[in-house]
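Colleague: Before I ask anything, let me first share the structure, which is written out below as structure tokens.
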Amino acid sequence: MTPTLTIRGFQVFRGFLDAAAQAAMLKDVRAIAAAAPLFSPMTPYGRPMSVRMTSAGRYGWFSDRSGYRYERLHPSGVAWPPIPASVLAVWDAVTGLDRRPECCLLNFYGEGARMGLHQDRDEADFTFPIVSISLGDDALFRIGNRTRGGRTESIWLASGDVVVFGGDARLTYHGVDRIRQGSSGLLNDGGRINLTLRVVD
Ligand code: MD6
Ligand code: FE
């Protein structure tokens, strides 16, 4: 499969999901949030993140005063629901790997939510890529370098876009500066959903 564009090793597949596939995935996302409600993780610095999160899969991503890590259970004590088949199908199509992800992190960006530049480095094996799926309002995604600082480049990600983030790009700093509220009709009340698929162990 050929990406629409590649920026600093981030392979962007524009419009990978058509409107019907986005609507079907949204139903699956709502079922995840019903089983494992969204929460605002505390950063290690003691401030709640502006993005609300939950997970599906054997592991869920979690943060509190003790740091960033993967947990077997949602903060309520329930197991994370399974990763939906619709989501795993995207992983299979864009990675072609036999290994499947053990975590699907679900991020919800409401009005004013953003995510600072960060690396994803809580996983055991960086040879596996991360796959990111965008649903809902457009997001300004910023891509930096493998170390903090330096020049950055930004691209708008729209509903249905998929990004594969592997190889040399796996530890590149990235973040979300802002959401264009109301730019997509997928979610009735606006906002953006991002799903990231990760091999954890
Ligand atoms: C987002 N995504 O798009 C935030 N991380 O809302 C991420 O932080 C991210 O898109 C690792 C790999 C792909 C991503
Ligand atoms: Fe990330």
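The values are calculated or read from the model by the stated rules, or taken from the named source; none is laboratory data. Please read these numbers as outputs of a predicted model, since none were measured by experiment. Glycine also receives a Cβ, built like all others from the backbone with ideal geometry; neighbour counts cover every protein chain displayed.
Colleague: Can you tell me which residue in segment 186-201 is surrounded by the most Cβ atoms within 10 Å (Cβ to Cβ), limited to those that are more than 16 Å from ligand 2 (Cβ to nearest atom) and more than 18 Å from ALA19 (Cβ to Cβ)?
Modeller: Here the answer is ASP201.
Colleague: Could you check, for segment 163-178, whether at least one of its residues is aromatic (Phe, Trp, Tyr), away from ligand 2 (no atom under 13 Å from the Cβ), closer than 17 Å to ARG14 by Cβ and not in a loop (DSSP other than H, G, I, E, B)?
Modeller: Within segment 163-178, none of the residues are aromatic (Phe, Trp, Tyr), away from ligand 2 (no atom under 13 Å from the Cβ), closer than 17 Å to ARG14 by Cβ and not in a loop (DSSP other than H, G, I, E, B).
Colleague: Related question: (1) near ligand 1 (Cβ under 10 Å from one of its atoms); (2) aromatic (Phe, Trp, Tyr); (3) over 12 Å from the mean Cα position of the chain (by Cα): which one isn't true of PHE128, the others all being true?
Modeller: (1)
Colleague: Let me ask something else about it. Quick one: SER183 ticks every box in (1) within 15 Å of ligand 2 (Cβ to nearest atom); (2) assigned to a loop (DSSP other than H, G, I, E, B) except a single one, so which number is it?
Modeller: Every listed condition holds for SER183 apart from (1).
Colleague: Kindly establish whether GLY185 is under 19 Å from TRP61 (Cα atoms) and either modelled with pLDDT of 95 or more or within 10 Å of ligand 1 (Cβ to nearest atom) (or both).
Modeller: It is false that GLY185 is under 19 Å from TRP61 (Cα atoms) and either modelled with pLDDT of 95 or more or within 10 Å of ligand 1 (Cβ to nearest atom) (or both).
Colleague: Can you tell me which residues in segment 135-150 are more than 13 Å from ligand 2 (Cβ to nearest atom) and of a type outside the set (Val, Ile, Thr)?
Modeller: Residues satisfying the conditions are LEU135, GLY136, ASP137, ASP138, LEU140, ASN145, ARG146, ARG148, GLY149, GLY150.
Colleague: Give me the pairs, please: first residue somewhere in segment 55-67 and of a type in the set (Asp, Glu), second residue anywhere and surrounded by fewer than 24 Cβ atoms within 10 Å (Cβ to Cβ) and assigned to a strand (DSSP E or B), beta-carbon distance under 8 Å, and either six or more positions apart or on two chains.
Modeller: So the pair list comes out as ASP64/MET42.
Colleague: Additional query: Between residues in segment 23-34 that are within 12 Å of ALA85 (Cα to Cα) and residues that are buried (at least 16 other Cβ atoms within 10 Å of the Cβ) and of a type in the set (Gly, Ala, Ser), which pairs lie under 7 Å by C-beta distance while being six or more apart or on different chains?
Modeller: Matching pairs, first to second residue: ALA24/SER86; MET25/SER86; ASP28/SER86.
Colleague: Across segment 188-201, what is the total count of residues that are outside any strand (DSSP E or B), out of contact with any Phe, Trp or Tyr (no Cβ under 9 Å at 6 or more places or on another chain) and either of a type in the set (Gly, Ala, Ser) or within 18 Å of GLY160 (Cβ to Cβ) (or both)?
Modeller: Number of matching residues: 2.
Colleague: Since VAL164 meets every condition but one in (1) buried (at least 18 other Cβ atoms within 10 Å of the Cβ); (2) more than 9 Å from ligand 1 (Cβ to nearest atom); (3) of a type outside the set (D, E, K, R), which condition does it not meet?
Modeller: All conditions pass for VAL164, except number (2).
Colleague: Same structure, new question: Which condition does THR172 not pass, out of (1) more than 30 Å from ALA20 (Cβ to Cβ); (2) of a type in the set (Ser, Thr, Tyr); (3) more than 10 Å from ligand 1 (Cβ to nearest atom), if it passes all the others?
Modeller: (3)
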